[in-house]
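K.L.:
My questions will all concern the structure given below.
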Amino acid sequence: MNHRTYLEASKTFSSISESAGAARSFVIEILERWGLGRLSDDVALVATELTTNAIVHAAPSEFTMLLTFRNSVLRVSVFDCGPGLPVKQPRTSSSGGRGLGIVEFLADRWAVEESNHGKLVWAEFATSKRRP
């Protein structure tokens, strides 16, 4: 795939527990379609963590997952309208709350962007640094 290629796919899900699996399947399907299936394990796990945060902490409505590929970088983003920002928990915390630690470990970069309408949590994977 040419490093100047720009690809984008998005899908909106209800904020219910079943959506985590549906979002994971969406990510795997898109990565296969784009010829990036070798990234599926890490990206799908990160997408599941971001999705779970949106389901648990977002307003009881919906969230949108956006995948983009540009300049050899794959970005997975989740937008929701829920209040507050996610916070990475210390490793010593009780059960749960370790999702952002997983995101930080697997992704090359990640961040949270706040807006008047909610928040966007994203993680990036530099495909040039990954195994073929």
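The values are calculated or read from the model by the stated rules, or taken from the named source; none is laboratory data. All values derive from a computational prediction rather than experimental measurement. For neighbour counting, all protein chains shown are included, and Cβ atoms are generated from backbone atoms with ideal geometry for every residue, glycine included.
K.L.:
Can you confirm whether residue 107 is within 10 Å of the chain's Cα centre (by Cα), over 19 Å from residue 19 (Cα atoms), at pLDDT 90 or above and buried (at least 20 other Cβ atoms within 10 Å of the Cβ)? Write out each step before concluding.
P.N.:
Working: within 10 Å of the chain's Cα centre (by Cα): yes; over 19 Å from residue 19 (Cα atoms): yes; at pLDDT 90 or above: yes; buried (at least 20 other Cβ atoms within 10 Å of the Cβ): yes.
Spelling it out, residue 107 is indeed within 10 Å of the chain's Cα centre (by Cα), over 19 Å from residue 19 (Cα atoms), at pLDDT 90 or above and buried (at least 20 other Cβ atoms within 10 Å of the Cβ).
K.L.:
So residue 76 passes all but one of these: (1) modelled with pLDDT under 95; (2) in contact with a helix residue (DSSP H, G or I) (Cβ under 8 Å, 6 or more places away or on another chain); (3) under 20 Å from residue 109 (Cα atoms). Which condition number does it fail?
P.N.:
(1)
K.L.:
Considering every residue within the range 38-60, establish whether at least one is assigned to a loop (DSSP other than H, G, I, E, B), under 15 Å from residue 119 (Cα atoms) and modelled with pLDDT of 85 or more. Before you say what the answer is, go through the steps one by one.
P.N.:
First pass over the range 38-60, keeping only residues assigned to a loop (DSSP other than H, G, I, E, B): 58-60.
Then keep just the ones that are under 15 Å from residue 119 (Cα atoms); that gives 58-60.
Checking which are modelled with pLDDT of 85 or more leaves us with none.
No, the range 38-60 contains no residue that is assigned to a loop (DSSP other than H, G, I, E, B), under 15 Å from residue 119 (Cα atoms) and modelled with pLDDT of 85 or more.
K.L.:
Next question. If you take the residues of the range 25-56 that are of a type in the set (Ser, Thr, Tyr) and without any contact (Cβ under 8 Å) to a residue 24 or more places away in the chain, which of them is nearest to residue 81 (Cα to Cα)? Break it down stepwise before answering.
P.N.:
Step one: of the range 25-56, the residues of a type in the set (Ser, Thr, Tyr) are 25, 40, 48, 51-52.
After this cut, where a residue has to be without any contact (Cβ under 8 Å) to a residue 24 or more places away in the chain as well, the list is 25, 40.
Values: 25: 23, 40: 27 Å.
Ranking the qualifying residues of the range 25-56, first place goes to 25.
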